[in-house]
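The values are calculated or read from the model by the stated rules, or taken from the named source; none is laboratory data. Fair warning: this is a prediction, and the values are worked out from it, not measured in the lab. Ideal geometry is used to build each Cβ from the backbone, glycine not excepted, and the neighbour counts take in all protein chains shown.
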Amino acid sequence: MDGDAYGNLISSLAQENDRRIVLLVMDGLGDCDNGGGGTALQMARTPNFDGLSRESALGQHVPVAAAVTPGSGPGHLGLFGYDPLVYRVGRGVLSALGVEFPLTKRDVAARLNFCTVDRAGNVTDRRAGRISDAENRRALDKLRASVRAPKGVEVLFETEAEHRAVMVLRGEGLDDNVGDTDPQITGAPPLSATRPPHDRSRTAAAVADLIAQARAILSDEPKANMIVARGFARAPDWPTFAERFKLDPAAVAGYPMYRGVARLVGMPVAAQPTTAADVCAETVAALRKHTFVFAHFKYTDKTGEDGDVAGKVARIEEMDAALPALLAAAPDVLIVTGDHSTPPSIRGHSWHPVPLLMKAPFLRGGDGPRFEEARCRGGQIGTIPAREIIPLAMAHAGKLQKFGA
């Protein structure tokens, strides 16, 4: 793609061999100080990660750019070696691909949250109490049965998980010039899909009508009495991960959105585990057939968003306990990091650089003795853009030719 000089260079240097690379993403891993107690990584008991850090390179990465708080989509695209400032896509496409929705060129997709609003119309819970999947499906059935589609537009709903869902508008002449309606805070009303500069979009007007209908249809629900939408987008046409890096990839991811971002770059999904033990076991299985495995663990992010410091510590320790099974498979290069930071004290994504560990051949010794933010700041990798992590792993695996004579 034009404007991606670094990515095009790496692609031109890529070469195949049998060495295997694992990218283990502990979602939202990074942190900041939690009321004087340190980061979750610093508080956690992680003998396996700490042992690994003694023979690994440490560093930190910036998902998008300094001071920029990334969404999960840009965060993962950077980890996959796609500059998120060049390769931009809305969350709706990622969510749709995550639930294997067959998007067409006539479609505009959006990520939905069921939420709770009070009588004044202000959002009191952006996640509707994290309703169950069954409750999600029931509420979506209610919308399907009652929503009146705008003329010339087909409206399709799909469950994602818990409070999350997907809405797809299908028709001729639709665009993605639609304002997000999620205010991203509580105590405020949903935003207007047609606010400037979206006020001339026929698609935005259709979305505004659908959102108003949804509020009336769901008004008697105790929790999921409203929807908010964000990330309106069409499916892009990008080079695949395999084409770009000459790697044979697979994804091991339990949550739909992360399967979606993998599929966006042509990465097939090998398994859908959620526990740390299953993530490691399925990664080992996928390594037998693939030269690159992206493995995703969600709950370090979920606990951070819930403001649950102890929960985040426990989830880090859960992955630490599962790690020996992955280490026993001896991938040639193992990367451990997150897609962004999710400090419990912020209860959301943040701009902080993300801890990074890489076990690989040809290092300058190990940087341990602990895998945590302070040690990562002084590690031999330094602070690098996320898009440089895969190329760095490829270099250590002998998968990049020399540049120039």
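Listed values, structure above:
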quantity: Residue in region 296-311 that is of a type outside the set (A, V, I, L, M, F, W, C), touching a Leu at 6+ places or on another chain (Cβ under 6 Å) and buried (at least 24 other Cβ atoms within 10 Å of the Cβ) present; calculated: yes
quantity: Options ARG54, ARG45: the member that is surrounded by 13 or more Cβ atoms within 10 Å (Cβ to Cβ), among the charged types (D, E, K, R) and touching a residue at least 24 places away in the same chain (Cβ under 8 Å); calculated: ARG54
quantity: Region 176-192, residues that are surrounded by 18 or more Cβ atoms within 10 Å (Cβ to Cβ) and either over 29 Å from ASP118 (Cβ atoms) or among the small types (Gly, Ala, Ser) (or both); calculated: ASP176, GLY179
quantity: Selection count, region 21-42, where residues are touching a strand residue (DSSP E or B) at 6+ places or on another chain (Cβ under 9 Å) and surrounded by fewer than 22 Cβ atoms within 10 Å (Cβ to Cβ); calculated: 1
quantity: Lone qualifier among GLN184, GLN213 - being polar (S, T, N, Q) and either under 19 Å from GLY90 (Cβ atoms) or under 26 Å from the mean Cα position of the chain (by Cα) (or both); calculated: GLN184
quantity: Verdict on GLY173 being of a type in the set (Gly, Ala, Ser), touching an Asp or Glu at 6+ places or on another chain (Cβ under 9 Å), modelled with pLDDT under 95 and surrounded by fewer than 17 Cβ atoms within 10 Å (Cβ to Cβ); calculated: no
quantity: Residue in region 135-145 that is of a type in the set (Gly, Ala, Ser) and without any contact (Cβ under 8 Å) to a residue 12 or more places away in the chain present; calculated: yes
quantity: Residue tally, condition surrounded by fewer than 17 Cβ atoms within 10 Å (Cβ to Cβ) and aromatic (Phe, Trp, Tyr), over region 347-377; calculated: 1
quantity: Members of region 126-170 that are among the polar types (S, T, N, Q), in contact with a strand residue (DSSP E or B) (Cβ under 9 Å, 6 or more places away or on another chain) and not in a strand (DSSP E or B); calculated: ASN136
quantity: Residue, surrounded by the most Cβ atoms within 10 Å (Cβ to Cβ), within region 59-118, restricted to residues that are β-branched (Val, Ile, Thr) and farther than 21 Å from ASP301 by Cβ; calculated: VAL108
quantity: Residue match in region 245-261 (condition: under 14 Å from LEU77 (Cα atoms) and either touching a Pro at 6+ places or on another chain (Cβ under 6 Å) or among the hydroxyl-bearing types (Ser, Thr, Tyr) (or both)); calculated: yes
quantity: Contacts under 7 angstrom Cβ, first residue in region 301-314 being under 18 Å from PHE371 (Cα atoms), partner modelled with pLDDT under 95 and buried (at least 17 other Cβ atoms within 10 Å of the Cβ), 6 or more apart; calculated: VAL309/ASN34
quantity: Given (1) surrounded by 22 or more Cβ atoms within 10 Å (Cβ to Cβ); (2) within 19 Å of SER72 (Cα to Cα); (3) without any contact (Cβ under 8 Å) to a residue 40 or more places away in the chain; (4) not acidic (Asp, Glu), index of the condition ALA286 fails; calculated: (2)
quantity: GLU154 being more than 22 Å from GLY98 (Cβ to Cβ) and in contact with a Lys or Arg (Cβ under 9 Å, 6 or more places away or on another chain); calculated: no
quantity: Residues being out of contact with any His (no Cβ under 8 Å at 6 or more places or on another chain) and without any contact (Cβ under 8 Å) to a residue 40 or more places away in the chain - total across region 341-364; calculated: 0
quantity: Residues of region 283-309 that turn out to be more than 19 Å from the chain's Cα centre (by Cα) and farther than 26 Å from ARG347 by Cα, as a count; calculated: 8
quantity: Qualifying residue in region 171-178 (condition: part of a loop (DSSP other than H, G, I, E, B) and under 27 Å from PRO222 (Cβ atoms)); calculated: no
quantity: Residue ranges of strands (runs of 3 or more DSSP E) in region 1-119 with at least 3 members within 15 Å of the chain's Cα centre (by Cα); calculated: 21-26
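Table: residues versus (1) outside any loop (DSSP other than H, G, I, E, B); (2) small (Gly, Ala, Ser); (3) surrounded by fewer than 17 Cβ atoms within 10 Å (Cβ to Cβ); (4) modelled with pLDDT of 95 or more.
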residue	(1), (2), (3), (4)
THR194	no, no, no, yes
PRO197	no, no, yes, yes
ALA204	yes, yes, no, yes
VAL207	yes, no, no, yes
ALA212	yes, yes, yes, yes
ALA216	yes, yes, yes, yes
VAL228	yes, no, no, yes
PHE232	yes, no, no, yes
TRP238	no, no, no, no
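Residues checked against (1) in contact with a strand residue (DSSP E or B) (Cβ under 8 Å, 6 or more places away or on another chain); (2) crowded, with 18+ Cβ neighbours inside 10 Å:
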{"position": "ALA314", "(1), (2)": "no, no"}
{"position": "GLY338", "(1), (2)": "yes, yes"}
{"position": "THR342", "(1), (2)": "yes, yes"}
{"position": "GLY379", "(1), (2)": "yes, yes"}
{"position": "ARG387", "(1), (2)": "no, yes"}
{"position": "PRO391", "(1), (2)": "yes, yes"}
{"position": "LYS399", "(1), (2)": "yes, yes"}
